[in-house]
Amino acid sequence: MSVVTRFAPSPTGYLHIGGARTALFNWLYARKMGGKYLLRIEDTDRARSTPEAIEAIIDGLSWLGLEHDGEITYQFARAARHREAADEMIARGTAFRCYMTAEEAEQARAEAHAEGRALRSPYRDGPRPPSPNAPFVVRLRAPDQGDVVNDDLIQGEVRIKARDIDDLVMLRADGTPTYMLSVVVDDHDMGVTHVIRGDDHLTNAARQIVIYRALDWTPPCFAHVPLIHGEDGKKLSKRHGAQAVHEWRDMGYLPEGMCAYLMRLGWSPGHDDILSKEEAIPQFEIGQIGKNPARLDFKKLDSVNAHFMAIARDERLTELLIERLEAKRGAPLTEAESIVLGRAVPVLKKRAKTLLELAEQCRFLLSRRPLVLDEAAKSHMKDETRQRLRRLRERLAAAPQWEHADLSAVLKAFATDEGVGLGQVGPGLRAALTGGAPSPDLGQTLELLGREEALARIADQI
């Protein structure tokens, strides 16, 4: 059997991190088994589905590197096929036309709930319609006997009594198919063998198994993944911070860092190594996904992303950094600024957990002269400090090599000659060079700025 998985988001909003993890698990399993990973947009809710949401979902998946196989399936466009399946169910006797009015259906539902039983339509046994042209819905003829068993690949055996399943609506009075029917028909027609999704759909599995049987189709294997909770163990909400993939991207996380972190929210391969999604493919097993909700841990996310920042290609990080800085500035960087950043990224990337941190650490390089010192930097600029900076500038100007190690040696020798420690030289020099912005050690800072710029910045403050 060739494995086929799918990710089937509803385009009513952004791509949630829970949805991204579900897509990732589907992608991993399909790649592990040499199968296909498909994408279906469940856009049947026309009032809430938007082109912008569809674009955001596709863009988010592409950014994460979760490219799907084949063309995207749009559920709404398949409504005629869904109605065809409902007609087939009627012909097989596993569905029927129900002529209850909306008020009658609501009353029947309330009575069933009060009596602790499933909804059973009075029209399932064939009473005549109240009038020849009476409106109707098409309902599933739910079985009254036996059990419906879902051998879930994560949750284990889930068994419910068939009599506890309602006579579910398959087609509404206006002829539009319901979610429950559409999902089954689409999964069948797309050849889906494994439905990997959030456990908020666990109760739907039994209903969908009954619909599969009503159409004489073989149900797929189900795997229901526990949801992601906040650090406090509660269901994710706005108070837990960013929940959308694009928000995490805006916060400076790399796609490989996000994937590596998300896949470990619930999945344990038996070790703590940080894996790229490609490295995880041969190790991924659905059965290794736990049954309990995973908790967000932003410190762990930062740690994982820092790993990928450190090993990322310098050219790529520089491009991403320039793109981010230009978007913030609203104008392109100069060629000289781009060159400076390209020189700095290999040095500074190992100190940054995110692109935002990297941008902040590079800020001193792009500051325009004369620098505006922050309050902390100003506090170091006393008369004695300025006099010492004059002498230090002369020493630095005479340095034969403008490299990290040589410059650090110059600073150490200067402090010795001044009869003070580096702690009395460094703060004033750093203030003059950076204005108070974050920066690496002073030898590195001097090298990254370059001889001309560094000496000019010192001169501005003395």
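The values are calculated or read from the model by the stated rules, or taken from the named source; none is laboratory data. Treat the numbers as computed from the prediction; the structure is a model and nothing was measured. Positions of Cβ are generated from backbone atoms using ideal geometry, with glycine treated the same way; all protein chains shown enter the neighbour counts.
Would region 136-151 turn up any residue that is of a type in the set (S, T, N, Q) and closer than 30 Å to V245 by Cα? No; the residues of region 136-151 include none that is of a type in the set (S, T, N, Q) and closer than 30 Å to V245 by Cα.
Just to be sure before I move on: is S303 free of Cβ contacts under 8 Å to residues at least 60 places away in the same chain, outside the structural domain of A359 (by TED's automatic domain parsing), outside any loop (DSSP other than H, G, I, E, B) and surrounded by 14 or more Cβ atoms within 10 Å (Cβ to Cβ) in the structure I sent?
Working: free of Cβ contacts under 8 Å to residues at least 60 places away in the same chain: yes; outside the structural domain of A359 (by TED's automatic domain parsing): yes; outside any loop (DSSP other than H, G, I, E, B): yes; surrounded by 14 or more Cβ atoms within 10 Å (Cβ to Cβ): yes.
Against the criterion (free of Cβ contacts under 8 Å to residues at least 60 places away in the same chain, outside the structural domain of A359 (by TED's automatic domain parsing), outside any loop (DSSP other than H, G, I, E, B) and surrounded by 14 or more Cβ atoms within 10 Å (Cβ to Cβ)), S303 qualifies.
Of the helices (runs of 4 or more DSSP H) lying entirely inside region 360-462, those containing at least 1 residues that are of a type in the set (D, E) are 375-378, 383-397, 404-418, 442-449, 451-460. Considering (1) under 22 Å from P9 (Cα atoms); (2) surrounded by fewer than 20 Cβ atoms within 10 Å (Cβ to Cβ); (3) free of Cβ contacts under 8 Å to residues at least 60 places away in the same chain, the lone condition that Y261 does not fulfil carries the number (2).
For region 36-48, filtering for residues that are under 25 Å from M170 (Cβ atoms) and over 20 Å from the mean Cα position of the chain (by Cα) leaves 6.
Among the residues of region 81-88, are any closer than 28 Å to R163 by Cβ, among the aliphatic types (A, V, I, L, M) and in a helix (DSSP H, G or I)? Yes, region 81-88 contains a residue that is closer than 28 Å to R163 by Cβ, among the aliphatic types (A, V, I, L, M) and in a helix (DSSP H, G or I). Answer yes or no: is there a residue in region 225-248 that is over 15 Å from the mean Cα position of the chain (by Cα), within 19 Å of T5 (Cβ to Cβ), assigned to a strand (DSSP E or B) and in contact (Cβ under 8 Å) with a residue 24 or more places away in the chain. Yes, there is a match, as at least one residue in region 225-248 is over 15 Å from the mean Cα position of the chain (by Cα), within 19 Å of T5 (Cβ to Cβ), assigned to a strand (DSSP E or B) and in contact (Cβ under 8 Å) with a residue 24 or more places away in the chain. The lone criterion from (1) among the small types (G, A, S); (2) more than 23 Å from M258 (Cβ to Cβ); (3) in the same structural domain as G230 (by TED's automatic domain parsing) left unmet by A294 is number (2).
For region 67-96, give me the residue count where each residue is surrounded by fewer than 18 Cβ atoms within 10 Å (Cβ to Cβ) and in contact with a Pro (Cβ under 8 Å, 6 or more places away or on another chain). So the answer is 1.
What number of residues within region 118-138 satisfy the criterion of being charged (D, E, K, R), modelled with pLDDT under 95 and either in a loop (DSSP other than H, G, I, E, B) or surrounded by 12 or more Cβ atoms within 10 Å (Cβ to Cβ) (or both)?
First, pick out the residues of region 118-138 that are charged (D, E, K, R): 120, 124-125, 128.
Filter again for modelled with pLDDT under 95, leaving 124-125, 128.
Filter again for either in a loop (DSSP other than H, G, I, E, B) or surrounded by 12 or more Cβ atoms within 10 Å (Cβ to Cβ) (or both), leaving 124, 128.
Count: 2.
Taken together, A398, A431, A405, A376 contain a single residue that is more than 20 Å from E337 (Cβ to Cβ), out of contact with any strand residue (DSSP E or B) (no Cβ under 7 Å at 6 or more places or on another chain) and surrounded by 15 or more Cβ atoms within 10 Å (Cβ to Cβ), which is A431.
Anything in region 185-212 that is assigned to a helix (DSSP H, G or I) and touching a residue at least 40 places away in the same chain (Cβ under 8 Å)? List them, or say none.
Step one: list which residues in region 185-212 are assigned to a helix (DSSP H, G or I), which gives 185-189, 199-212.
V185, D186, D187, D189, D199, L202, A205, A206, R207, I209, V210, I211, listed by residue number.
Scanning region 30-49 for residues that are more than 15 Å from A8 (Cα to Cα) and out of contact with any Lys or Arg (no Cβ under 9 Å at 6 or more places or on another chain) turns up K32, M33, G34, G35, R46, A47, R48. In the set (1) within 30 Å of S276 (Cβ to Cβ); (2) of a type outside the set (S, T, Y); (3) surrounded by fewer than 18 Cβ atoms within 10 Å (Cβ to Cβ), the condition left unmet by A47 is number (1).
Determine whether region 57-72 contains at least one residue that is over 21 Å from the mean Cα position of the chain (by Cα) and modelled with pLDDT of 95 or more. Yes - at least one qualifying residue is present in region 57-72.
With respect to A377, is the statement that it is more than 15 Å from I462 (Cα to Cα) and either assigned by TED's automatic domain parsing to the domain that holds E326 or not charged (D, E, K, R) (or both) true? Before the answer, list the steps.
Values: more than 15 Å from I462 (Cα to Cα): no; either assigned by TED's automatic domain parsing to the domain that holds E326 or not charged (D, E, K, R) (or both): yes.
When the stated conditions are applied, A377 does not pass them.
Quick one: is R141 in contact with an Asp or Glu (Cβ under 7 Å, 6 or more places away or on another chain), assigned by TED's automatic domain parsing to the domain that holds R83 and buried (at least 18 other Cβ atoms within 10 Å of the Cβ)? Yes, satisfied. H113 meets all of the listed conditions (1) modelled with pLDDT under 95; (2) in a loop (DSSP other than H, G, I, E, B); (3) of a type outside the set (A, V, I, L, M) but one, namely (2).
If we scan region 264-273, do we find a residue that is out of contact with any helix residue (DSSP H, G or I) (no Cβ under 6 Å at 6 or more places or on another chain), surrounded by fewer than 19 Cβ atoms within 10 Å (Cβ to Cβ) and of a type in the set (S, T, Y)? The answer is no, given that none of the residues of region 264-273 is out of contact with any helix residue (DSSP H, G or I) (no Cβ under 6 Å at 6 or more places or on another chain), surrounded by fewer than 19 Cβ atoms within 10 Å (Cβ to Cβ) and of a type in the set (S, T, Y).
If the condition is being assigned to a loop (DSSP other than H, G, I, E, B), more than 14 Å from S62 (Cα to Cα) and modelled with pLDDT of 95 or more, then region 13-38 contributes M33, G34, G35.
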